[in-house]
Amino acid sequence: MRQAIALLEGAFNEATAFDPTQSRRTFRLHMSDIGEGRFLPDLMSALSRAAPGVRLETVSLPTAELTQALTNGHVDFAFGFLPNLLGAGLARAQLLQDKYCVLLRHGHPFLSKQISPEALLDHLRDLEFVAVRSHTDTLRILQWLQLEDQIRLTTEHFTVLPSIVRATDLAVVMPRAIAMGFDAGYAVVEPALPLQDFSVSLHWAKRLEAETAHQWLRGLILQTFTQG
């Protein structure tokens, strides 16, 4: 039965050629708010050149719902560090590697202290933090370091963090690649955090990977974010 279904799907895919220059298809992508900031500008730029009529919609689903959403085609691709996204019918490809760091405002009193790189981790107790409820890995790092009592603000969204950090003495644990993209009003501190290194991957359902439109967008995403 599975072989027959696969043959039918293959025949259907061959019969429905995808022309990106003419298509007005809408693809749905799972991304966090950090992921939107990191990937959407370059992806939309690439789409505007290769497929000006193609549309994207982003959603942010709990991991428990995401496997089913990918499998049934409700979501075409998922971007992110998703180690708990499990399923025999799923595939993934690494897009980038990153690490967590601590972001402070430029001129923060912590920066004037003479602290060796080896001692930075121990001195994080001198800081107070803002955390994002939806980004559980950064919360887990603070819990691992027993710094929960140092959290003075918990927000729902990542996008507000830069303005909060700039206006206060609060610190935030966040991906280094994002932090390094901020302007000169910020400083990055890199202690040896637990759970520091992570990889961001593209995830999809294997049963859809031969579908021509799906195959085309997957290739564009990988070309855009894995070059070099």
Once fully extended, how much extra length lies between residue 111 and residue 166, figured as 0.36 nm per residue of separation less the alpha-carbon to alpha-carbon distance?
18.4 nm
Projected area averaged over orientations for the range 81-190, convex hull of C-alpha atoms, nm²
8.1 nm²
What shape does the chain have by the C-alpha gyration tensor, where a ≥ b ≥ c are the square roots of the eigenvalues, rounded means a/c under 1.5, and otherwise prolate means a/b greater than b/c and oblate the rest?
prolate
Please give me, ordered by residue number, the GluC sites (Glu not before Pro) of the range 82-187 that lie in loop per DSSP and have at most 14 other Cβ atoms within 10 Å.
156
Contour minus Cα-Cα span, residue 65 to residue 184, at 0.36 nm per residue, comes to 38.9 nm
Collect residues whose amide H, placed 1.01 Å from N in the peptide plane, falls under 5 Å from the amide H of residue 56; neighbours closer than 5 in sequence don't count.
27
Starting at the first residue of the range 87-92, write each ³J(HN,Hα) from the Karplus equation 6.51 cos²θ - 1.76 cosθ + 1.60 with θ = phi - 60°, in whole Hz, x for Gly and Pro.
x, 5, x, 10, 10, 8
Calc'd 3J(HN,Hα), the range 200-209, phi into Karplus 6.51 cos²θ - 1.76 cosθ + 1.60 (θ = phi - 60°), Hz, glycine/Pro = x, comes to 9, 10, 9, 10, 7, 8, 4, 5, 9, 5
If Lys and Arg each add +1 and Asp and Glu each add -1, what is the summed charge of the other residues whose beta carbon sits under 12 Å from the beta carbon of residue 60?
-4
Residue 158 long-range amide H proximity, modeled H, under 5 Å
none
Per-residue [θ]222 nm for the chain (sum of -39500 (n - 2.57) over DSSP H runs n ≥ 4, rounded to 500)
-10000 deg cm²/dmol
Starting from the Cα gyration tensor of the range 36-129, take the square roots of the eigenvalues, sort them a ≥ b ≥ c, and report rounded, prolate or oblate (rounded when a/c is under 1.5, otherwise prolate if a/b is larger than b/c, else oblate).
prolate
5 Å is the cut-off here: which amide hydrogens, built 1.01 Å from N in the peptide plane, fall below it relative to residue 73, excluding neighbours closer than 5 in sequence?
none
Site residue 119, offset 7 angstrom along Cα→Cβ, radius 19 Å on amide nitrogen, limited to the range 179-206, gives 189-193
Proxy reagent accessibility, fewest Cβ within 10 Å first, across 63, 21:
21, 63
Rounded to the nearest 0.05, FRET efficiency between residue 195 and residue 55 (Cβ-Cβ, R0 41 Å) equals 0.70
Here FRET efficiency (C-beta to C-beta, residue 25 to residue 149, R₀ 41 Å, nearest 0.05) is 0.25
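No value in this document is a laboratory result; all are computed from the given coordinates. Quick caveat: nothing in here was measured; it's all calculated off a predicted structure. Neighbour counts run over all protein chains shown; Cβ positions are idealised from the backbone, glycine included.
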